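Enquirer: Dropping the structure in here first, questions after.
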Amino acid sequence: MPLRKLALVADALSGNRDCEAFIVFSKTGQFSSDEVERCKAAQEEYERRVILLSNRELEPNFVYERTEKEFEVRRFASSLQDMAQATWFVYFDPKPKRPTQPTGVANASEPPTPTGCLCCYRW
């Protein structure tokens, strides 16, 4: 219930579009899945306004320094909108990083890439 009231306050502040309201939740540990779901309920349907900051984001010099190693987010956030976007891709609609292939290892599903000029390359 308190989150619903908080969301209504944010709606009222953003209603006339003279100001943009964000809702920030922060803790020195990790968010549980129940906490994430409750915080997600405060999210507007079309605009991202909820920001979650766990110890992973609070401890490093750059807010998403550690997070970018696990998820498709940028290390830097220059606005609250950037932080709300990162929250979306980390907590509400997670976009984990794909494992990277070691350099020099060919992917079996991709054709070989020619090295050198194309006129000399044999397919």
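The values are calculated or read from the model by the stated rules, or taken from the named source; none is laboratory data. For clarity, every value in this text was computed on a predicted model and none was experimentally measured. Counting neighbours? That spans all protein chains shown, and the Cβs are built from the backbone with ideal geometry, glycine included.
Enquirer: Could you figure out which of (1) at pLDDT 90 or above; (2) over 14 Å from the mean Cα position of the chain (by Cα) isn't true of F89?
Expert: (2)
Enquirer: Moving on to the next point. Which of (1) surrounded by 10 or more Cβ atoms within 10 Å (Cβ to Cβ); (2) modelled with pLDDT under 90 does P111 not meet, given it meets every other one?
Expert: The failed condition is (1).
Enquirer: Separate question: Say we look at region 14-57 and pick out the residues that are closer than 17 Å to S79 by Cβ and assigned to a helix (DSSP H, G or I); which of these is modelled with the highest pLDDT?
Expert: That would be E57.
Enquirer: Those residues that are assigned to a loop (DSSP other than H, G, I, E, B) and of a type in the set (V, I, T), I need them from region 58-72; list them, please. So that I can check it myself, show each step before the final result.
Expert: Step one: of region 58-72, the residues assigned to a loop (DSSP other than H, G, I, E, B) are 59-66, 70, 72.
Correct list: V63 only.
Enquirer: If I go through region 33-50 residue by residue, how many of them are more than 14 Å from the chain's Cα centre (by Cα) and surrounded by 10 or more Cβ atoms within 10 Å (Cβ to Cβ)?
Expert: From region 33-50, those more than 14 Å from the chain's Cα centre (by Cα) are 33-35, 37-39, 41-47; that's our starting set.
Still in the running and surrounded by 10 or more Cβ atoms within 10 Å (Cβ to Cβ): 35, 37-39, 41-44, 47.
Matching residues across region 33-50 total 9.
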